[in-house]
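Contents: one structure, followed by commentary.
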Amino acid sequence: MVNIARVEPFAARLHFIPRRMRRVQAAIVNARRDYFSHAPGWVLLTTTGRRTRLSREMLLPCARSENCIFLISTYGWQSDWFRNLRKNPEVKVTCNGIVIPGRAEVIEDLDQKLRIVSEHPFVAPAPFGFVQAIALTPALRRLVVAGLRRWVTPRPVVVIYT
């Protein structure tokens, strides 16, 4: 097992962007809720606010397996949703139009993170079925996995058991 020192990714410095866009994102998600609740490679994650105890919903890219959902925190340990689930790992996920309760576990071990993204690759910026299908063809899968392995190194991976 190899553990690396916790180094925040460069994106953590840009975390002010999603915080400022929170209302815009919520409006878009609410306007297109039916699409986003079924979008391939995406999930609506509901956490409990660590200070307010209010429900907080976030649209996030993910990979799914039979009993797990895999998420990567783009902004490292600074993401509000990540900080919320660290305080309370009981979450709800909406995928395929169904709300499912789950329990989140944070994976920080590098070997484990690399194994997870190698076995469950996904294309984070594209919630469209045809893009996911093309990107994960055998010809492109190696490139996607290589990119994810590099991307995940300084970031935590979250496994949600449903």
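Below are the figures for this structure:
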| item | result |
| --- | --- |
| Complete set of residues in segment 95-111 that are within 13 Å of V158 (Cα to Cα) and within 16 Å of the chain's Cα centre (by Cα) | G102, R103, A104, E105, V106, I107, E108 |
| Matching residues, segment 16-56, being modelled with pLDDT of 90 or more and in contact with a helix residue (DSSP H, G or I) (Cβ under 8 Å, 6 or more places away or on another chain) | L44, L45, T47, T48, G49, R50, R56 |
| Index of the failed condition, V91 passing every other in (1) within 15 Å of the chain's Cα centre (by Cα); (2) over 14 Å from L44 (Cα atoms); (3) modelled with pLDDT of 85 or more; (4) not in a helix (DSSP H, G or I) | (2) |
| Yes/no for L85 being among the aliphatic types (A, V, I, L, M) and not in a strand (DSSP E or B) | yes |
| Which listed residue is among the β-branched types (V, I, T) and more than 18 Å from L59 (Cα to Cα), from V123, V144 | V144 |
| Residue list for segment 20-65, restricted to those being free of Cβ contacts under 8 Å to residues at least 60 places away in the same chain, part of a loop (DSSP other than H, G, I, E, B), among the polar types (S, T, N, Q) and within 28 Å of A133 (Cα to Cα) | S65 |
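The values are calculated or read from the model by the stated rules, or taken from the named source; none is laboratory data. Bear in mind that the values here come from a model prediction, so they are computed numbers and not experimental data. Methodologically, a virtual Cβ is constructed for each residue, glycine included, from the backbone with ideal geometry; neighbour enumeration extends over all protein chains shown.
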